[in-house]
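In what follows, a single structure is set out as structure tokens and then discussed.
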Amino acid sequence: EARTTFTEWVWKANEEAAGKAVSEQEKRRSRWDYLDSVVKTEESTASFHAMDAFLRVTRIMQPYVKRNLERTTVKSPVAGVVLKRHVWNERMMNPGEPLLDIGDLGQLEVTAEILTEQAVGIEVGDRVEIIGETVGGEPMKGSVRRIDPEAFTKLSSLGVEQQRVNVKISFDLDDLKAYRASGRGLGLHYRTRVRIITDEKDKVVRIPRTALFRDSKGGWATYRIEGGRAWLTSLKVGLTNDRFAEVLEGLKPGHAVVDAPESGIADGTRVKVAE
């Protein structure tokens, strides 16, 4: 701007000079210097505004760049251990594509596939005994946390279609800590067995579940042993499980029954109690 002001003064001074004290060439030269200074001033001003705009854009871009940089760091929503790794080599990833499976083994639970006819009697909070070779000799305590609202169809080992429902079972935390302190450790997809206790009674008359069968009228019956003979006896049954059945009416404590009676046995058939 100072150069432009000076060249403008020289040019106007030469234009105003009287006579031929200043040649035509000097006049034209001074005018050219002035116009050249004007152009360079405009160029410098334009460059200044361009760089100022670039600086402002750079400052505006900082939060976006920071956000994009933070996206390159993937943070796990939970503390735990890597259960499975899905990606091994560098490559482009799609949004939502899994990188790792991460789990907290301190919050393990059991998913039991229960037949729907048995699941209808299960409630959230029911006591559970977790058993099996993976658990060891003593059962671990647990409780029912959730019963899925939807069942699914599954083929049994015999090829029979069964309706089952997933029941989520939580471990007792004290039992789980004691189990791990013993040097054993459960992991993901380990196999266990469960015994869900939906009801219980003390001091009842019970017989083996295999001693029960349906009579001709569709009721429960068993063969009671008395006087060396097997007598068909109708029963009123209470609580049952896979091993025992509670007898409400029909038998008294001490009565012997035929366990797993054969098809050839009938009312009054002679029997001998095996030692």
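Values computed for the structure shown
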{"read-out": "Inter-label distance for A53 and E129, nm, one decimal - labels placed 7 Å from Cα along Cα-to-Cβ", "value": "8.2 nm"}
{"read-out": "For G137, net neighbour charge (Lys/Arg +1, Asp/Glu -1) across residues whose Cβ lies under 14 Å away", "value": "-2"}
{"read-out": "Tensor-based shape of the chain (alpha-carbon gyration tensor, a/c under 1.5 rounded, otherwise prolate or oblate)", "value": "prolate"}
{"read-out": "Dipole-positive endmost among P139, V257, H189 within the chain (Cβ charges, Cα centre)", "value": "V257"}
{"read-out": "Region 69-210, accessible area per residue, ligands and nucleic acids excluded (1.4 Å, Å²)", "value": "76 Å²"}
{"read-out": "Most mobile of L105, L55, L248 in a GNM of the chain (Cα contacts under 10 Å)", "value": "L55"}
{"read-out": "Apportionment of accessible area to carbon and sulfur, the chain, percent (1.4 Å)", "value": "52 percent"}
{"read-out": "Residues of type lysines that K177 reaches as a straight line, Cα spacing below 20 Å, ignoring anything fewer than 8 places off in the same chain", "value": "K141, K168"}
{"read-out": "Positive-end residue of V204, Y179, L232, charge dipole of the chain with Cβ unit charges", "value": "L232"}
{"read-out": "Between region 39-56 and region 91-107, the alpha-carbon center distance in angstrom", "value": "49 Å"}
{"read-out": "Within the chain: Cβ-based charge dipole about Cα centre, in debye rounded to nearest 20 (Lys, Arg +1; Asp, Glu -1)", "value": "400 debye"}
{"read-out": "Accessible area in the full protein assembly, largest first, 1.4 Å probe, for F171, F6, F152", "value": "F6, F152, F171"}
{"read-out": "16 Å Cα-Cα reach of K272 towards aspartates and glutamates, excluding residues that sit fewer than 8 places from it in its own chain", "value": "E226, D259, E262"}
{"read-out": "Net +/- balance of residues flanking E97 in space, Cβ distance below 15 Å, scoring K and R +1, D and E -1", "value": "+2"}
{"read-out": "Cα-based helix-to-principal-axis angle, 2-16 vs the chain, degrees rounded to 10", "value": "30 degrees"}
{"read-out": "Relative packing of 77-88, 236-247, which averages over residues the other C-beta atoms within 10 Å, highest first", "value": "236-247, 77-88"}
{"read-out": "Average projection area in nm² (convex hull over Cα atoms of region 3-96, one quarter of hull surface)", "value": "11.9 nm²"}
{"read-out": "Value at 222 nm in deg cm²/dmol, rounded to 500, when DSSP H runs of n ≥ 4 in the chain each add -39,500 (n - 2.57)", "value": "-9500 deg cm²/dmol"}
{"read-out": "Cut-off 14 Å between beta-carbons: net charge of the residues surrounding V65, Lys and Arg +1, Asp and Glu -1", "value": "+3"}
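The values are calculated or read from the model by the stated rules, or taken from the named source; none is laboratory data. Here the structure is a predicted model, which means the values were calculated and not measured. Here the Cβ is made from the backbone with ideal geometry for all residues, glycine too, and neighbour counts use every protein chain on show. Only protein heavy atoms, including side chains, enter the accessible area calculation; ligands, DNA and RNA are left aside. Shrake-Rupley method; radii C 1.70, N 1.55, O 1.52, S 1.80 Å.
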